[in-house]
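This report concerns only the one structure given below.
The values are calculated or read from the model by the stated rules, or taken from the named source; none is laboratory data. Everything numeric here is computed off the predicted structure, so don't read it as measured data. Reconstructed Cβ throughout: ideal geometry from the backbone, glycine too, with neighbour counts over all protein chains shown.
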Amino acid sequence: MRILVTGGAGYIGSHTVKQLLARGHDVTVFDNLSAGHKAAVPAERLVTGDLRDIDHLDQLLMTSRIDAVVHFAALTYVGDSVKEPARYYTNNLIYSLNLLDRCRRNGIGKFVFSSTCAVYGVPDVVPITESEKRNPINPYGNTKLAVERALADYAAAYPIGFCALRYFNAAGASPDGTIGEYHDPESHLIPLVIQAAMGKRPHIEIFGTDYPTPDGTCVRDYVHVDDLATAHILALEKITPGTGQAYNVGIGRGYSVREVIRAVEEVSGKKVTVKEAPRRTGDPAELVANADKIRRELGWVAKYTDLRSIVETAWNWHRTHPNGYGD
Ligand code: UDP
């Protein structure tokens, strides 16, 4: 397939591009490099461009005779979305709608969308199934849910099909050590704890120790980035025009913040200094996926089923790339 991957130089995008290329797909990465990294994808695959430039996009869709789009490009920080909703609605909703409509006009029949467990807000039941009510508690989740709804409406009316993949917490790095997670500034738990273990940060703050969870800290479902990438490949193979599905992608097992810290200490052999801090706004106590649907319908199987093996790949990447991609 000829596949356009927006945001393909980012964390989950680059791991997906690697797998798509390994499977022989013809991949074009479209990325403005605001959060992505040039070195994360083969140079000959990268088109540097911005989704706001509709003409550029249109030209690319036509001249590259694209069959499918995998749409990662988005702003991804919940906290920022609360402070700057305008930027989130513009980038995540308006640009996604522009892209979707260009796909429709160019007769592209397959669209894979990076969605999130943030569409559920605070779930009534955990593990969360796809039929849980969708009630986001921040602008980030609202923008992702709005795009999911547009996709469903498009699929009902036009010959375009979609898969919305609702990621839980992406983690880890490619086991061959070539690509991994690098954000600047970093806000995600696992890389922050690793940086503390490496002595690059004085300590790690635990955001909230009074949650109704076994050890009082938040519980999340950490899923390896390569397993997430595989979900996109399976989705692309399954989508048929005029149909659409949303799938949770998580390992179905939750780990607390304290368990993450312990796993990094065990893997690295270093002690991490911990400070207890107040809760972070917008953090539900527990988010764990019920991923039965993607297993059943797409045959997805997570290769990494425990936190330690995920943290090992992350540690290996950070240890060998202390300055990330160096850009
Ligand atoms: N977290 C924390 N300290 C940090 C960063 C994150 O205690 O410095 C917690 C956060 O409150 C959440 C979990 O770690 O419960 C995972 O947060 P992350 O930002 O990695 O992912 P999110 O769940 O927001 O997608």
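When 313, 281 are checked against the criterion of being in a loop (DSSP other than H, G, I, E, B) and not basic (Lys, Arg), a single residue qualifies: 281. Scanning region 9-24 for residues that are over 15 Å from residue 170 (Cβ atoms) and part of a loop (DSSP other than H, G, I, E, B) yields 9, 23, 24. When restricted to residues that are at negative phi and not in a helix (DSSP H, G or I), region 179-213 contains 24. Being within 11 Å of the ligand (Cβ to nearest atom) and among the aliphatic types (A, V, I, L, M) holds for only one residue in 246, 285, 231, and it is 285. Among the residues examined, residue 27 does not qualify as touching a Phe, Trp or Tyr at 6+ places or on another chain (Cβ under 8 Å), buried (at least 18 other Cβ atoms within 10 Å of the Cβ) and part of a strand (DSSP E or B).
Name the single residue that is surrounded by the most Cβ atoms within 10 Å (Cβ to Cβ) among those in region 265-277 being of a type outside the set (Val, Ile, Thr) and out of contact with any strand residue (DSSP E or B) (no Cβ under 7 Å at 6 or more places or on another chain).
From region 265-277, those of a type outside the set (Val, Ile, Thr) are 265-266, 268-271, 275-277; that's our starting set.
Next, only the ones that are out of contact with any strand residue (DSSP E or B) (no Cβ under 7 Å at 6 or more places or on another chain) stay: 265-266, 268-271.
On the way: 265: 17, 266: 14, 268: 19, 269: 8, 270: 14, 271: 9.
So, considering only residues that are of a type outside the set (Val, Ile, Thr) and out of contact with any strand residue (DSSP E or B) (no Cβ under 7 Å at 6 or more places or on another chain), the one surrounded by the most Cβ atoms within 10 Å (Cβ to Cβ) is 268.
Beta carbons closer than 7 Å, at least 6 apart along the sequence or on distinct chains, pair a first residue in region 205-218 that is away from the ligand (no atom under 11 Å from the Cβ) with a second that is of a type in the set (Val, Ile, Thr) and modelled with pLDDT of 95 or more for 216/209.
Note on region 161-176: residues that are surrounded by 23 or more Cβ atoms within 10 Å (Cβ to Cβ) and outside any strand (DSSP E or B) total 3. Across region 113-143, the number of residues qualifying as among the charged types (D, E, K, R) and closer than 16 Å to residue 231 by Cβ comes to 1. Just so you know, in region 182-194 the residues that are buried (at least 17 other Cβ atoms within 10 Å of the Cβ) and more than 10 Å from the ligand (Cβ to nearest atom) include one that is farthest from the chain's Cα centre (by Cα), and it is 194.
Surrounded by fewer than 18 Cβ atoms within 10 Å (Cβ to Cβ), more than 16 Å from the ligand (Cβ to nearest atom) and under 30 Å from residue 156 (Cβ atoms): is that true of residue 320 in this structure?
Details: surrounded by fewer than 18 Cβ atoms within 10 Å (Cβ to Cβ): yes; more than 16 Å from the ligand (Cβ to nearest atom): yes; under 30 Å from residue 156 (Cβ atoms): no.
So residue 320 fails the test.
No other residue among 297, 265 is acidic (Asp, Glu) and either more than 16 Å from the ligand (Cβ to nearest atom) or closer than 22 Å to residue 15 by Cα (or both) apart from 297.
In region 84-115, the qualifying residues are those that are among the charged types (D, E, K, R) and within 21 Å of the chain's Cα centre (by Cα), and the one that is surrounded by the most Cβ atoms within 10 Å (Cβ to Cβ) is 110.
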